[in-house]
Amino acid sequence: MQTLTIEKTTHSSLDSDWIQKEDVSAAVDSASKEYVAETSVPSHEIEQATKNALIYQRLPKEFRFIPSIEERPLKRRAVMTLLTHGRSNEDDIDFYTMGTIFHAFTHLHREQTKIKSNDTEFVAMITNSIPPHYRKLFLQFGMRLIVVPPIIVDGLPEYTPLVNQFAGKGSRLQFQHTKLQMWRLEDVYDAILYQDSDLFFVKESPVAPLFNYLDQAVTKAPQNATSYIGAAFDCGLDMLNGGMMVFKPSVFHYEKLLKLSNVPPYQDFMEQSLISYYYKKFGTLEYVVFSNNCCWLF
């Protein structure tokens, strides 16, 4: 398993310049125009091929799409969940895998709550730790899979029950920073609505209202579109709940978040404190209506 380990850094080491992407766009566009001139391939297919080429160029080679983006063209937006581990026994499905399956049923098959928009798809971001029998099951439900390397932040305290039971190396949350890989999908999706696999809704879908919430925020300040995040307020902490977030992916913000991931206070409560403090200081964090509150039900 390939794991991205983040070494310690300091806040002062942040570089304020925008990330310089490899300029492959012009070369691909030029080649596409030449190809169109010599063939009768429809222009929309050329545009799609051009976009796919840019995605492969800019994403790390460890990122894989299942089905491939050629087999099933990407949609503009994604409702996404994360699953970083699973059990090897085919007859034993853990809670978070079952939650991912429930999400697939909710978003893709249940008439009352399924995604209605043709420009939005349901995606599970997974790591190589997810065994083949789980992947096959997910695909049977119709979801797209994106395989990414996990991120483990260096310097996390060791997991100790009853002391730091929700965080630390060895806890079930040690891979939570893998969520940051979503920010690398700038060339893939225009917007992402993230939901933890243990966050459920049963009466009505929040997908359209939350994407509309993002659209309205971006319309008010289009120049700061990627610096905005909408999220649920954590009922027990003075920060967002990392279980539900709606945002526009940005490689620029991915790099910044990664550099801050083990700097106090950004590290205090795993990815929740990181994303909360980052957007409060460098962007715009708004809490969505309380009906999307991510509170525990007992």
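The values are calculated or read from the model by the stated rules, or taken from the named source; none is laboratory data. Remember, predicted model here, so these are calculated numbers, not experimental data. All Cβ positions, even for glycine, are placed from backbone atoms using ideal geometry, and neighbour counts span all protein chains on display. Accessible surface is based on the protein model in full, side chains and every heavy atom, while ligands, DNA and RNA are left aside. Shrake-Rupley method; radii C 1.70, N 1.55, O 1.52, S 1.80 Å.
Here are the numbers for this structure:
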item: Selection count, the stretch 185-206, where residues are in contact with a Ser or Thr (Cβ under 9 Å, 6 or more places away or on another chain) and open to solvent by 10 Å² or more (accessible area, probe 1.4 Å); result: 10
item: Among residues of the stretch 125-137, those that are closer than 30 Å to Ser261 by Cβ and surrounded by fewer than 22 Cβ atoms within 10 Å (Cβ to Cβ), counted; result: 5
item: Enumeration of residues in the stretch 232-269 that are out of contact with any helix residue (DSSP H, G or I) (no Cβ under 8 Å at 6 or more places or on another chain) and closer than 17 Å to Gln176 by Cα; result: Gly243, Glu255, Asn262, Pro264, Asp268, Phe269
item: Looking only at the stretch 43-94, and only at residues there that are small (Gly, Ala, Ser) and assigned to a helix (DSSP H, G or I), the one that is most open to solvent (accessible area, probe 1.4 Å); result: Ser43
item: Residue that is modelled with the lowest pLDDT [pool: residues in the stretch 239-269 that are assigned to a helix (DSSP H, G or I) and open to solvent by less than 10 Å² (accessible area, probe 1.4 Å)]; result: Leu260
item: Members of the stretch 99-124 that are of a type in the set (Asp, Glu) and open to solvent by 30 Å² or more (accessible area, probe 1.4 Å); result: Glu111, Asp119
item: Single condition Tyr213 does not satisfy, out of (1) open to solvent by less than 50 Å² (accessible area, probe 1.4 Å); (2) aromatic (Phe, Trp, Tyr); (3) modelled with pLDDT under 95; result: (1)
item: Neighbours by Cβ (under 8 Å, 6+ apart or cross-chain): first from the stretch 99-118, under 18 Å from Arg135 (Cβ atoms) and touching a residue at least 12 places away in the same chain (Cβ under 8 Å); second surrounded by 19 or more Cβ atoms within 10 Å (Cβ to Cβ) and among the charged types (D, E, K, R); result: Gly99/Asp196
